[in-house]
Every structure is written in structure tokens, then in C-alpha cells.
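Written below as C-alpha cells is the structure these notes are about.
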Amino acid sequence: MKKALLFLLIVPFILISCNKDDDLEYSIEKSFKDPLEKLAELQEATGASADGWKAILKLKDGGFYSLFLKLNPAGGKLSLYADINETTASVPSESGYKFEITQGINATLSLEEGSHLDLIQFEDPSKGSDRQYSFLYSNGDTIRLQGNRFGDELTLVKASAAERQQYEGKSLEASMKSISEFLSSSRFLQLQPDPSSALQLSVNEGTRTLVATYVNAKKKAENVGSEFSYTLNGIRFRNALKVGNILIDEFIWDEQKKAFFFSTGGSRTEVNDAALPIIPLHYLLGNEFPSVISVPSPTRYASIPGWSTAFSGLWATSDAAMIGSPYRLILYFADFSMNIPAGTMNLDIYFVSNNSLYTARFPYKFSKTDDGVFKFAAQPLGTTGSGANANLIKGYVKSITDVVSLDRFKIDYYEAPELGGLLGQFTSVDRPGIYFTGTFGSLAE
């Protein structure tokens, strides 16, 4: 009975409390704007530029493109230039578009089939570029959108009348042509923002990527890279290149000088094209350059420049000993195959016997100073396979293996225009009159 009475006393209190709360009014703000309001905002924002929009498209699955687009609300057509290739940069595509609500909440700019974006190619056929872009926000002259399916980022920036005229006058195509001609004829692009820093640049037009290599504080080669897109006046990087305190987000093209430059702190730094890399070879072996330097026999394989008389004599001594041996062996070429991180090298000497090619392996460990002086220490030979071959010929090639073990060497570039490129050159620090060259990569491959 007491429990029932307690319940009867509590219920009226609850009811009174609820009635009291119902009399209160709270201002509840919606978490999201009404989709129709967002759609009207998107339409108003995109209609605010009479001269069209410069745009950057960042594809989620890789790809970075410069665009210029104009929307024609009356005809429902979108005119689009893109730096996908020189044709798409000079002749606009015309495709339908519409503003709509997608997924129930997203104010969306939807592109119909037929725009230049359909020409973007992907290695994975299941990938692609978005056609529907949801409105994120607008800020001043900039509109940000994001693809509904793949998450591609599309950024629109209001274009000026002068920029519109440039796009319509095929200036983007002209910029792409000039830059492409420069890149295809350049050898080693490099820049030096200050006396203490140097960047070696490697550009791949096929993948539209640029990699900058520099020497870090630990005296190791380090790479930073990014995709790039072509612009009216240069190339823009998807991700800014950061080297120390230097931040580079674009290279500006100087049409008169036919060269790139970038500006930082009010100063202009030129990108130079040189015959030799700016970073010493010992930093780039196994990085920008193969870690194998292959030395051909000048009499049995091919004669290449950059050999001293002294080393030619050492090689000739080993060559004569091989051919004069009971086995009548032919000294063909030698690979200096270095594992830079491990500090090891295999000197693989290739020789011919009875029209068959054999390998003799002479293993070494090495140390390297900060200024690129190598010291090689011979290690025990193996007993099977190429090790057994090394034991067989070690007495005949002693003039070559001894100089490798006894002398310290610097390894650097050797310019060989007659061969159309560079060779790697070993020069003895202890006996500068001993030096020789080889090709990058094994002659056995």
C-alpha cells in the first residue's frame, strides 16, 4: 500500500515537470543548411564570374590537372579547356551540366558525358574521374567542390577577362609546347637557391611528376617529389616541394629565356640546364644513377674514353695473363656492383671460355668519407659458382684486383658526348694517374 501511494505521488510530479518544460522555447539551429539553400548558393556563386573559372582538379587516385571552364546557364552547356594534352588545351569540349540535389543533401554540379575529363586515363579500369561534384563552400573568388564517387577535389577561382582571352587564344597550348620542348632537350636540370643548397631535378612528362634530389644534413641524398600541371605561365605542383626552409609551389616559365625560375623572398632563382648533375655522383649511386658501373675490355668488348695510360697497362697485364693461361680465357668486362646502404661491393669479372660467358666474383667491403673517397677491402672468396671461378682466375687478374684493394678512389661523372651521355669514372686518390671509366648498369643485362 505504501508503494502504491509513493507511485501516485511521483506521477503527478513528473507530469507537472513535463508540462513546465513544454512551456519553454529553445532556438534550435540546424546542423546543415537546407539543401535547396545550398543549391541556390552554388548556382549564385558559379554565376558570379562573367569570364569563367580557372580550376584545379586533384584526382584522388592520382592525377593533377589545370582547367578553364565557362558555364552557359541559358543553354545548359559547359565549355572546358584542360591540360590533358595539347588538343584539349586549345579546343574546348562542350557538354551538358546541371545543378541538382544528390544523396538527398548535397548541392551538386553534375557534368554530362562528353567533357575533356572523360579522356583522363587510368591504369585501373575501375577507376575514373568524378562527374558529380558536391558544393563544400565558397570564399571570395574561390569555390571548393568534392567528387561524390571518388572524392576528387575541384577548386574554381574566378578568372579575369585577360585570362579568359589567353585560354581562348590557345595560350595554354603554347605554354605546354614550349615547356615540353625545353624538357625534352634538357639534360640535367638543377637549381641552387643559396650557396649551401643544391637541387637536382628529374622530370617525367609521361607521369607528369618532378622529383628534386638534395643532400640532407646527414649527408644522405633525399628526394621530394610531386605531380604537376601546366598553367598559362609555367607548371604548378600538387604538393609544394619543401627543402629545408625553401618551399616551392610552382615554376614560372620565362618565354624569352626559355627557362624556368621560381621566386622566394622577393628574389628570383633560375632553373639551369647543365651537362653534369650538380650533386656529386657518390650521393646518387643507387638513387638517381645505377649502383653498377660496368668496365668493358678495350680490346675484347669496346673502347670507351676516360682511361689513363697507367690503368690501361694494368688491364692489359691481366688480359695477357688470362689469354696466356692454360685455359685460354678472354677478359671481357668487369662490373663494379655496389650496395651503398650495406657498404659492400662485388667486383664481378666476366670472362669467356669456349664461347661461354662466366662470372668470377670478388667481394669487398668499403668505407666512404663525406667528400666521396671510397676505400675497398677485399673479402674471402667463395668456394662454389662464381666464387670458385674467382679462385681459378685470381692469379691472372691480380693487377686489377690489387689496385682496387690498395688505392682509395673517388667516383664521379665523366662527360662522354661522343657516346651521348655520361660515364662513371674511378680516379685513384693515392695515384691520380690511375683512372678508368665504365657505363652505368651492367653490360651483362
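The values are calculated or read from the model by the stated rules, or taken from the named source; none is laboratory data. A quick note: this is a predicted structure, and the numbers were derived from the prediction, not measured. Here the Cβ positions follow ideal geometry from the backbone for every residue, glycine too, while neighbour counts run over all protein chains shown.
For this structure, a couple of remarks:
- Selection count where residues are buried (at least 18 other Cβ atoms within 10 Å of the Cβ) and within 27 Å of P92 (Cα to Cα), scope the stretch 31-57: 10
- Top-ranked residue of the stretch 73-128 - restricted to ones that are part of a loop (DSSP other than H, G, I, E, B), at pLDDT 95 or above and β-branched (V, I, T), ranked as surrounded by the fewest Cβ atoms within 10 Å (Cβ to Cβ): V91
- Cβ pairs under 9 Å, 6+ apart, first in the stretch 313-324 and assigned by TED's automatic domain parsing to the domain that holds V352, second surrounded by fewer than 15 Cβ atoms within 10 Å (Cβ to Cβ) and not in a helix (DSSP H, G or I): W315/T299; A316/T299; D319/T299; A321/G395; M322/R328
- Residue within the stretch 226-242 that is farther than 25 Å from E173 by Cβ, touching a Phe, Trp or Tyr at 6+ places or on another chain (Cβ under 6 Å) and of a type in the set (V, I, T) present: no
- Pairs where the first residue, in the stretch 426-445, is more than 19 Å from G372 (Cβ to Cβ) and the second is part of a loop (DSSP other than H, G, I, E, B), C-beta under 8 Å, 6+ apart: G433/S308; T439/I304; G441/P290; L443/Y301
- The condition of being touching a strand residue (DSSP E or B) at 6+ places or on another chain (Cβ under 7 Å), in a helix (DSSP H, G or I) and among the basic types (K, R) holds for only one of K38, K54, K70, that being K38.
- Meets criteria (in contact with a helix residue (DSSP H, G or I) (Cβ under 7 Å, 6 or more places away or on another chain), under 15 Å from S308 (Cβ atoms), in the same structural domain as F333 (by TED's automatic domain parsing) and of a type in the set (D, E)) for D412: yes
- Residue check for E288: among the acidic types (D, E) and at pLDDT below 95: yes
- In the stretch 331-365, residue farthest from the chain's Cα centre (by Cα) [restricted to those that are buried (at least 17 other Cβ atoms within 10 Å of the Cβ) and within 13 Å of H282 (Cα to Cα)]: M338
- Whichever residue in the stretch 154-199 is part of a loop (DSSP other than H, G, I, E, B) and touching a residue at least 40 places away in the same chain (Cβ under 8 Å) and, among such residues, is farthest from A107 (Cα to Cα): R187
This table checks each residue for (1) more than 30 Å from I330 (Cβ to Cβ); (2) modelled with pLDDT of 95 or more; (3) outside the structural domain of R187 (by TED's automatic domain parsing).
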| residue | (1), (2), (3) |
| --- | --- |
| F251 | yes, yes, no |
| D254 | yes, yes, no |
| F262 | yes, no, no |
| P296 | no, yes, yes |
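- Pairs, first in the same structural domain as L329 (by TED's automatic domain parsing) in the stretch 360-378, second assigned to a strand (DSSP E or B) and among the acidic types (D, E), C-beta under 7 Å, six or more apart: R361/D348
- Residue count for the stretch 288-330 under the criterion of being acidic (D, E) and either surrounded by fewer than 17 Cβ atoms within 10 Å (Cβ to Cβ) or not in a loop (DSSP other than H, G, I, E, B) (or both): the result is 1.
- Qualifying residue in the stretch 138-153 (condition: charged (D, E, K, R), in a strand (DSSP E or B) and modelled with pLDDT under 95): no
- Filter result (surrounded by fewer than 20 Cβ atoms within 10 Å (Cβ to Cβ), within 20 Å of D83 (Cα to Cα) and among the aliphatic types (A, V, I, L, M)) within the stretch 212-245: L232, A240
- The single residue among T309, T369, T401 that is under 16 Å from L284 (Cα atoms) and of a type outside the set (A, V, I, L, M, F, W, C) turns out to be T369.
- Enumeration of residues in the stretch 393-418 that are in a helix (DSSP H, G or I) and surrounded by fewer than 17 Cβ atoms within 10 Å (Cβ to Cβ): K398, D402, S405, L406, P417, E418
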